[in-house]
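The numbers here are math on the coordinates, done by the rules we state, and not lab data. These numbers were taken from a predicted model, which means no experiment stands behind them. Neighbour counts run over all protein chains shown; Cβ positions are idealised from the backbone, glycine included.
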2 protein chains.
Amino acid sequence: MRIAIDMDEVLADPLSKFIKLYHRDYGVPLDLIPEPGNEIYHHVPEHANRKWFDYINEKGFFRDLPLIEGSVEAVKKLQQHHDVYIVSAATEFRNSLEDKMDWLADHFPFITWQNIIFCGDKIVNVDVMIDDRAKNFIGFKGRKLLFSSPHNLLLTDYERVDNWQQVLDKLVGPEL
Amino acid sequence: MRIAIDMDEVLADPLSKFIKLYHRDYGVPLDLIPEPGNEIYHHVPEHANRKWFDYINEKGFFRDLPLIEGSVEAVKKLQQHHDVYIVSAATEFRNSLEDKMDWLADHFPFITWQNIIFCGDKIVNVDVMIDDRAKNFIGFKGRKLLFSSPHNLLLTDYERVDNWQQVLDKLVGPEL
């Protein structure tokens, strides 16, 4: 079975980096937890709510993102049972491409270049897609697992996973 | 209809750049035309036949490649009739990613980021794939158009296109 795994807010945590940068520049509290359904820019001063677009286009933004808890071990385990592809909508941000490659090489060295896809539209031929953005499910016929993130918590139309253990429970099952 | 178009030797011409670099470093003639079935490295001194791998990994290699004749106008025309995706196995060469983005922005500015895919395995969900490397057709169920390049001229198992006009003849047809 082929599984496509998104990067941001699924493997990597850009949200905590946004908060740090908005804290530095606009005094947003470091312990901010966005309200369900909100994006980070809903929690910043109005004159700064397009600033995320500058941050994300800076070289280095994606280079040192923290890992989402449990992602490395879970992807390693998934790979023992399935064909795992990392599929990130990275071509939107030209300056993210090298950072994302290098970040993957650091944290997921067991994923080879053959299994990395940087795209726009996620028109990939896979059986399962794990993503936090429902827009990436449009037109996809396979099984969709919506990985929980504050911005998607109000959506009810998708099979949801709150963390990597739940992904393993669904796609690998109990180990004997 | 969705069409996936490869970059190297289909839109861009790395072969002439390889020849230039091998000319500069090893005296290979500038008017070299590889024999059918041969790769460029079959035409260089034996001690230099892994050098292509260094060239291709250098920053800038892909930044200034010449265009394959007729490619810009043809892709523009295809786009009027179909959904065109550029699909390049670029993740093999980390240093190619930005160069390829910038090259596309220069020559194919009408292709937006949504329609650019940098991958390894070409597991894309499209109807037609235009590629010079038959290995990229493995597992692909749609229509395969093998774009002629010296290295593939001996292959007979595929529907072949020798140039961009032939692609238009097949995928757009005569214009009224």
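Compute the label zone of A:R63 within segment A:100-125: residues whose backbone N is under 11 Å from the point 7 Å along Cα-to-Cβ. Residues passing the 11 Å test: A:100, A:102-103.
Remark on B:A12: its backbone amide H falls under 5 Å from those of B:I68, a criterion applied only to residues 5 or more positions apart or on other chains, H modelled at 1.01 Å from N. Projecting label points 7 angstrom from Cα along Cα→Cβ for B:K76 and B:E92 puts them 3.1 nm apart.
Ordering A:Y22, B:Y26 by the number of other Cβ atoms within 10 Å of each residue's own Cβ, fewest first, gives B:Y26, A:Y22.
Between A:F147 and A:D131, A:D132, A:V161, the built amide H atoms are under 5 Å apart, and every one of these is 5 or more places off in sequence or on another chain.
According to the square roots a ≥ b ≥ c of the eigenvalues of the Cα gyration tensor, what is the shape class of chain B, taking rounded for a/c under 1.5, prolate for a/b larger than b/c otherwise, and oblate for the remainder? Prolate, since a/c reaches 1.5 and a/b exceeds b/c. Here the contact order of chain A, divided by its residue count and restricted to Cα pairs under 8 Å and six or more residues apart, works out to 30 percent. Can you bin the protein assembly as shown into rounded, prolate or oblate? Criterion: square roots of the alpha carbon gyration tensor eigenvalues sorted a ≥ b ≥ c, rounded for a/c under 1.5, prolate for a/b above b/c, oblate for the rest. Verdict is prolate for the protein assembly as shown. Between segment B:116-152 and segment B:48-112, what's the alpha-carbon centroid distance in Å? First find each Cα centre; the distance between them is then 15 Å. For B:H82, inter-copy separations between label points set 7 Å beyond Cα along the Cβ vector come to 3.1 nm, shortest first. Each Cα pair of segment A:39-141 feeds into the Kirkwood radius, which the Stokes-Einstein equation turns, at 20 °C and 1.002 mPa s, into a diffusion coefficient of 139 µm²/s.
With label points defined 7 Å past Cα in the direction of Cβ, position A:R50 shows copy-to-copy spacings of 5.2 nm, given to one decimal and shortest first. By DSSP, the beta bridges lying fully in chain A are antiparallel in about 5 percent of cases.
The mean sequence distance of close C-alpha pairs (under 8 Å, at least 6 residues apart), as a share of the length of segment B:96-176, puts its relative contact order at 18 percent.
If each residue's Cβ is checked for other Cβ atoms within 10 Å, how do A:D99, A:D25, A:D31 rank with the fewest at the top?
On the way: A:D99 19, A:D25 14, A:D31 7.
Fewest-to-most Cβ neighbours within 10 Å comes out as A:D31, A:D25, A:D99.
Sequence-ordered 3J(HN,Hα) estimates for segment A:33-41 from the Karplus curve with 6.51, -1.76 and 1.60 and θ = phi - 60° stand at 10, x, 5, x, x, 8, 8, 4, 6 Hz, glycine and proline given as x.
The simple spin-label model puts a point 7 Å past each Cα toward its Cβ; for A:Q166 and B:Y26 those points are separated by 5.6 nm. Close amide H pairs (under 5 Å, H built 1.01 Å from N) link A:H82 with no residue at least 5 positions away or on another chain. Sorted from shortest to longest, the distances between the A:Y158 label points of this copy and the other copies are 3.5 nm, with each point 7 Å from Cα along the line through the beta carbon.
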